[in-house]
1. Rounded to the nearest Å, what's the spacing between the alpha carbon centres of segment 66-112 and segment 275-320? Just the number, please.
2. Which FRET efficiency value, to the nearest 0.05, is calculated for Thr366 and Ala256 with the Förster distance at 51 angstrom and r the Cβ-Cβ distance?
3. Show the residues, 5+ positions off or on another chain, whose built amide H is closer than 5 Å to the amide H of Glu459.
4. Through the Karplus equation 6.51 cos²θ - 1.76 cosθ + 1.60, θ set to phi - 60°, convert the phi angles of segment 369-382 into ³J(HN,Hα) values in whole Hz; use x for Gly and Pro.
5. State the antiparallel share, in %, of DSSP beta bridges confined to the chain, rounding to the nearest 5.
6. When DSSP beta bridges are limited to those with both residues in segment 15-160, what percentage is antiparallel, rounded to the nearest 5?
7. May I ask you to order 320-328, 220-228, 245-253 by the average number of other C-beta atoms within 10 Å around their residues, highest value first?
8. At a 1.4 Å probe, what is the % contribution of carbon and sulfur to the accessible area of the chain?
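The values are calculated or read from the model by the stated rules, or taken from the named source; none is laboratory data. Because the structure is predicted, anything quoted here is derived from the model rather than measured. Because the Cβ atoms are built from the backbone with ideal geometry, glycine has one as well, and the counts that use them run over all protein chains shown. For the accessible areas, the whole protein counts, side chains as well, though only heavy atoms, and no ligand, DNA or RNA atoms are used. Shrake-Rupley method; radii C 1.70, N 1.55, O 1.52, S 1.80 Å.
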Amino acid sequence: MDTSEHDILPADADTRVRTLLILGASGDLTGRLLLPGLARLVRLGRAEGLRLVGAGSDDWSEEQWQARVDSSFEGARRSADEAGLAALDGVRQGSTYFCLDVTEQGALATLVATLEGPVAIYFALPPAVSQLACSALYADALPKSTRLVMEKPFGTDQASAHALNTKLAALVPEENIHRVDHFLGKATVFNILGLRFANRILEPVWNNLHIEKVEVVFDEDLSLENRARYYDGAGALRDMIQSHLLHVMALLALNAPSTLHERDLRDQIGSVLRASSVDAGNPDSSRRARYTAGGIAGRSVPDYAAEPGVDPARDTETLAEIVVSINNDRWAGVPFILRSGKALAVKRKEAIITFRPVSHVPTGFTGQDSPTRLRIGFGPDTLQLELDVNGPGDIFSLDRTVLRAELNATDLLPYGEVLDGVLAGDPTLSVRGDTAEDCWRIVEPVLAAWASGEVPLEEYPAGSPGPASWGPGTAT
Ligand code: NDP
């Protein structure tokens, strides 16, 4: 099913965003991800009548901005038909640019007042500047239909996320605040829900009686790639686990929402995260490591600590793992192991559900009785069910077989899906305020234990599977 054709909140002509105002027009996110994502939407006719406005502190001419839009639209132009090309040209030609300091009191509100509403303000700014820009806004000057689109990181801890939520709540209603999580596209979210809740063979066994553990792994083979300025202050736990993997976990663990309406779905996500915690006092509840020099696919990778812009004394981890408990009836006793790292041997982006062993295998079978595993791969979305069957040759010997399937995807890029939700006023994919705070609450005890040196910072050579002491991993 193409979920994009089945919006739960149908686009209403009165609530659809008329103007997309991107703050940080000259920035990396805008050029590399936002504008190409928007271009796909425009090409597919999903941004009809939209006016694009860029703003930044650079004194750009309209032509300079339009040239940037043009080059970011290039990829979408290549595969566009005549109507798509006309739509892309239309958005580019109608696009304007304003030079302004968004932190100046009233400057942003004055600009917004001149634009046709509803306006979506996309804060593609450094987080500290976004916060100053919000402080410089005032509710009375902002139509309530204005959408505020906030990038990650949302705050730096629970208290700052709460303060930012309070600030935003004074400006517009919660449903008009989009806290972006581009990690899971709409197709992936609904693929997980469809798989879990539309299949009788899965839903009844999806609990602690039948599932032994759940792992969510996002291993990258990329290293720092010149991102020290951001990454060295964040690390793998904040960058990936706090912001993205906890959401994947929530989708895997939530109770069935009654409908796919954002309220029902996000209530269930909120509920499962509220029940989640890490017992940071337990030394087995988290691990951290940092890569040293090595090689990946014939490419040599320098020691993380020696990279320009890195402060080795910060002890920033490039590989993190935490064990989350979900303290409810369905999941008590099942570890949810979340792991993410950089410069690893193999790129992996998957959830692995390991089932408990059967209570008795008939005596007479030989071979290895391995646990049943379900692997859900993300981007591209895939499914693998690992089962024991009778082996070739000796019919009494158990052997492994894997049933594979590819799940459906959309034509939109991740940021196209983000913007699709923003323009249609559908916050289903965005992170609700209470959830943003809860994600910090869950990881804060781990960050505190790490800061006080209770968990050693281990090392692994770039291009290896991780520290030797971590073993091969349970489900590689
Ligand atoms: P950049 O540093 O590349 O761009 C920041 C932009 O903000 C620049 O265009 C800059 O303009 C503008 N800016 C800074 N101060 C002001 C000001 N006072 N008034 C107006 N404009 C200002 O950052 P990124 O694009 O990389 O990141 C933006 C946000 O997106 C961050 O929150 C980041 O965490 C998030 N993000 C980024 C990703 C990425 O891959 N880049 C991925 C996921 C999230 P100027 O240079 O003219 O000052």
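1. When both Cα centres are located, 38 Å separates them.
2. Efficiency for this residue pair is about 0.80.
3. So Glu459 has HN proximity to Arg290.
4. Once rounded to whole Hz, the list reads 8, 9, x, 5, 10, 10, 10, 10, x, 10, x, x, 7, 9.
5. 55 percent
6. 0 percent
7. Peptide ranking by packing, descending: 245-253, 320-328, 220-228.
8. C and S atoms contribute 52 percent here.
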